[in-house]
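Asker: The structure under discussion is supplied below as structure tokens; questions concerning it will follow.
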Amino acid sequence: MAIMNKDSRIYIAGHRGLVGSAIMNNLQRKGYVNLITRTFEELDLTDQSKVTAFFEYEKPEFVFLAAAKVGGIMANNKYRAQFIYENLQIQNNIIHQAYLNGVKKLLFLGSSCVYPKNAPQPMSEDCLLTGELEYTNEPYAIAKIAGMKMCESYNLQYGTDFISVMPTNLYGYNDNFNLETSHVLPALLRKIHLGKCLEKGDLREIRNDLIRNQAEGITIDTEDHELLNYLGRFGIAEIIKDNDRHVRLSLWGTGQPLREFLWVEDMADACVFVMENHSFSDLRNSSGGNDKTEIRNTHINIGSGKEVSIKDLAFLIKEVVGFKGEIVFDTSKPDGTPRKLLDVSKLSTLGWQARTSLKEGIAAVYRHYISG
Ligand SMILES: NC(=O)C1=CN([C@@H]2O[C@H](COP(=O)(O)OP(=O)(O)OC[C@H]3O[C@@H](n4cnc5c(N)ncnc54)[C@H](OP(=O)(O)O)[C@@H]3O)[C@@H](O)[C@H]2O)C=CC1
Ligand SMILES: C[C@H]1O[C@H](OP(=O)(O)OP(=O)(O)OC[C@H]2O[C@@H](n3cnc4c(=O)[nH]c(N)nc43)[C@H](O)[C@@H]2O)[C@@H](O)[C@@H](O)C1=O
């Protein structure tokens, strides 16, 4: 097995993102000193010739592939073409160049949405390609499945050591808080924070929040009623009920879907653990299927093993933030997959498990969020 030394040349693709930044911090804390990075502006990973030149110049020995087109349920559903095209391009370019340039080990990040919409729960690695995908994220999931199969196929044909991990829903400091394109946890944290500010009549903090998050059309001169209109577009509004004024938040879907959340620093720790301690040759022995000549499902699920309904998540965030108002659900918005709990027994057998509770993680992100 190729060993990552403290001075190995390690490329982190997507090092400014939620996961990439946590992987970079984890590696730096552990004393890795030769980290290679490029921002989107410096290297567009969808551009084959630029990625080719980059690999030939930098010759990384190890690669963490955490760059991707990523978003929540609405972004996946709306930007279907970009989710399939950009993800296929990025991963094709990096995985193929890693092979051509003799990269010793690569970690590809997939997603739990690769599993069928109605897969038995918890979902083991072996339920891949056993049923229909969830419609809202089908293009993204197909790109991710192609990436996993590409890693597995290169390992089998070319003898490379490219490992795929399938993370559950992640959250943490460097998350996307855009109310249209983000995942549920950062969206709810911000909506509930804005609801609390509205409850307190703190329009100054609402204005600061919208400016900080580059809300379209909002500036220092935006009038108060326009701020309130903006919040209304995202289901955050003051209402009068029984002569009482209070704030009501309208969240998406029924609130019934179940999701599993993992603190991104735990996720980064799992990624580095796998890169430091495992290789495709261990994983092929755990490959699924009855026919031992067929090597498949060599990827590894990464999760916390615990699930929560969206409604209970909203109430947990409400408690952490200290919002007193009402929460309702807008059933005209999609629910997505009904349940998405990963079977993490393979990862536990390899020797890793999550540490951070959901409440601790949410409290840490909220403290960080309000500190600006
Ligand atoms: N967030 C989640 O809940 C989950 C994420 N994942 C997977 O984890 C990985 C990381 O996701 P996450 O950190 O959340 O995503 P982010 O959106 O936070 O980060 C993505 C990173 O990719 C980079 N990037 C995107 N497109 C390009 C491009 N064309 N060229 C160069 N760089 C590009 C961005 O660069 P820059 O910052 O420079 O613009 C950014 O740093 C992805 O593979 C994702 O599918 C899987 C399951 C759940
Ligand atoms: C990581 C994962 O992320 C995506 O899948 P998802 O888990 O369905 O996405 P999500 O986090 O956006 O929503 C989870 C649930 O939450 C509900 N919900 C309520 N209110 C808000 C809300 O305000 N924003 C959002 N985004 N969701 C909300 C929402 O209706 C849904 O029921 C895919 O991209 C997929 O490809 C993928 O890999």
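The values are calculated or read from the model by the stated rules, or taken from the named source; none is laboratory data. Note that the coordinates shown come from a computational prediction; the quantities given were computed from them, not determined experimentally. Cβ atoms come from the backbone with ideal geometry, glycine included; neighbour counts cover every protein chain shown. Remember, those area values only see protein heavy atoms, side chains included, never the ligands or the DNA or RNA. Shrake-Rupley method; radii C 1.70, N 1.55, O 1.52, S 1.80 Å.
Asker: Only one residue in GLU265, GLU226 is closer than 30 Å to THR168 by Cβ, in a helix (DSSP H, G or I) and either polar (S, T, N, Q) or open to solvent by 50 Å² or more (accessible area, probe 1.4 Å) (or both). Which one? It would help to see each step written out before you state the result.
Answerer: Numbers: GLU226 fails: closer than 30 Å to THR168 by Cβ.
Testing whether each residue is closer than 30 Å to THR168 by Cβ, in a helix (DSSP H, G or I) and either polar (S, T, N, Q) or open to solvent by 50 Å² or more (accessible area, probe 1.4 Å) (or both) leaves just GLU265.
Asker: Name every residue in the range 91-122 that is within 18 Å of ILE73 (Cβ to Cβ) and open to solvent by 60 Å² or more (accessible area, probe 1.4 Å), in order of residue number.
Answerer: Across the range 91-122, the qualifying residues are LYS117, ASN118.
Asker: Do we find that VAL51 is within 20 Å of MET150 (Cα to Cα) and in a loop (DSSP other than H, G, I, E, B) in this structure? Can you show your working first?
Answerer: On the way: within 20 Å of MET150 (Cα to Cα): yes; in a loop (DSSP other than H, G, I, E, B): no.
No, not satisfied.
Asker: Restricting to the range 303-338, what's the tally of residues that are in contact with a strand residue (DSSP E or B) (Cβ under 6 Å, 6 or more places away or on another chain) and more than 16 Å from ligand 1 (Cβ to nearest atom)? If you could, list the steps in order and put the result at the bottom.
Answerer: Going through the range 303-338, the residues in contact with a strand residue (DSSP E or B) (Cβ under 6 Å, 6 or more places away or on another chain) turn out to be 303-304, 307, 309, 314, 325-330, 333.
Filter once more, so that each one left must be more than 16 Å from ligand 1 (Cβ to nearest atom): 309, 314, 325-330, 333.
Counting residues in the range 303-338 that are in contact with a strand residue (DSSP E or B) (Cβ under 6 Å, 6 or more places away or on another chain) and more than 16 Å from ligand 1 (Cβ to nearest atom) gives 9.
Asker: Going by the conditions given, is ARG233 closer than 20 Å to LYS333 by Cβ and open to solvent by 70 Å² or more (accessible area, probe 1.4 Å)? Let's see the steps before the verdict.
Answerer: Numbers: closer than 20 Å to LYS333 by Cβ: yes; open to solvent by 70 Å² or more (accessible area, probe 1.4 Å): yes.
Spelling it out, ARG233 is indeed closer than 20 Å to LYS333 by Cβ and open to solvent by 70 Å² or more (accessible area, probe 1.4 Å).
Asker: Here is a further query. Among TYR32, TYR99, TYR11, which is touching a helix residue (DSSP H, G or I) at 6+ places or on another chain (Cβ under 8 Å) and more than 16 Å from ligand 1 (Cβ to nearest atom)? Even if it seems obvious, please write down each step before you answer.
Answerer: Numbers: TYR32 fails: touching a helix residue (DSSP H, G or I) at 6+ places or on another chain (Cβ under 8 Å); TYR11 fails: more than 16 Å from ligand 1 (Cβ to nearest atom).
Exactly one residue qualifies, and that residue is TYR99.
Asker: Considering only the range 190-203, I want to know if a residue exists there that is within 15 Å of ligand 1 (Cβ to nearest atom), touching a helix residue (DSSP H, G or I) at 6+ places or on another chain (Cβ under 9 Å), under 27 Å from ARG16 (Cβ atoms) and modelled with pLDDT of 95 or more. Talk me through it step by step, then tell me what you get.
Answerer: Initial filter on the range 190-203 (within 15 Å of ligand 1 (Cβ to nearest atom)): none.
Within the range 190-203, not a single residue is within 15 Å of ligand 1 (Cβ to nearest atom), touching a helix residue (DSSP H, G or I) at 6+ places or on another chain (Cβ under 9 Å), under 27 Å from ARG16 (Cβ atoms) and modelled with pLDDT of 95 or more.
Asker: Evaluate the range 281-291: report whether one residue or more is more than 15 Å from ligand 1 (Cβ to nearest atom), open to solvent by 30 Å² or more (accessible area, probe 1.4 Å), basic (Lys, Arg) and under 14 Å from LYS359 (Cα atoms). Break it down into steps so the answer makes sense when it comes.
Answerer: First, the residues of the range 281-291 that are more than 15 Å from ligand 1 (Cβ to nearest atom): 281-291.
Those still in the list that are open to solvent by 30 Å² or more (accessible area, probe 1.4 Å) too: 281-282, 284-286, 289-291.
Now drop any that are not basic (Lys, Arg), which leaves 284.
Applying the additional criterion that residues be under 14 Å from LYS359 (Cα atoms) yields none.
There is no residue in the range 281-291 that is more than 15 Å from ligand 1 (Cβ to nearest atom), open to solvent by 30 Å² or more (accessible area, probe 1.4 Å), basic (Lys, Arg) and under 14 Å from LYS359 (Cα atoms).
Asker: Hey, another quick one. How about the range 48-83: which of its residues are open to solvent by less than 70 Å² (accessible area, probe 1.4 Å), more than 16 Å from ligand 2 (Cβ to nearest atom) and among the charged types (D, E, K, R)?
Answerer: Looking only at the range 48-83, we keep the residues that are open to solvent by less than 70 Å² (accessible area, probe 1.4 Å), and these are 51-55, 58, 60-69, 71-77, 80, 83.
Filter again for more than 16 Å from ligand 2 (Cβ to nearest atom), leaving 51-55, 58, 60-64.
GLU58, GLU61, listed by residue number.
Asker: Does the range 4-13 include one or more residues that are more than 30 Å from LYS340 (Cα to Cα) and free of Cβ contacts under 8 Å to residues at least 12 places away in the same chain? Full working, then the answer.
Answerer: Within the range 4-13, the subset more than 30 Å from LYS340 (Cα to Cα) is 4-11.
Those still in the list that are free of Cβ contacts under 8 Å to residues at least 12 places away in the same chain too: 5.
Yes, the range 4-13 contains a residue that is more than 30 Å from LYS340 (Cα to Cα) and free of Cβ contacts under 8 Å to residues at least 12 places away in the same chain.
Asker: Continuing with the same structure: Kindly indicate which of PHE108, PHE177 is touching a residue at least 12 places away in the same chain (Cβ under 8 Å) and touching a strand residue (DSSP E or B) at 6+ places or on another chain (Cβ under 9 Å). Walk me through how you get there before you give the answer.
Answerer: Details: PHE177 fails: touching a strand residue (DSSP E or B) at 6+ places or on another chain (Cβ under 9 Å).
After applying the criteria, what remains is PHE108.
Asker: Given the options ILE218, ILE211, ILE145, name the one that is surrounded by fewer than 23 Cβ atoms within 10 Å (Cβ to Cβ), touching a Gly at 6+ places or on another chain (Cβ under 9 Å) and β-branched (Val, Ile, Thr). Write out each step before concluding.
Answerer: Numbers: ILE218 fails: touching a Gly at 6+ places or on another chain (Cβ under 9 Å); ILE211 fails: touching a Gly at 6+ places or on another chain (Cβ under 9 Å).
One residue alone meets the criteria, ILE145.
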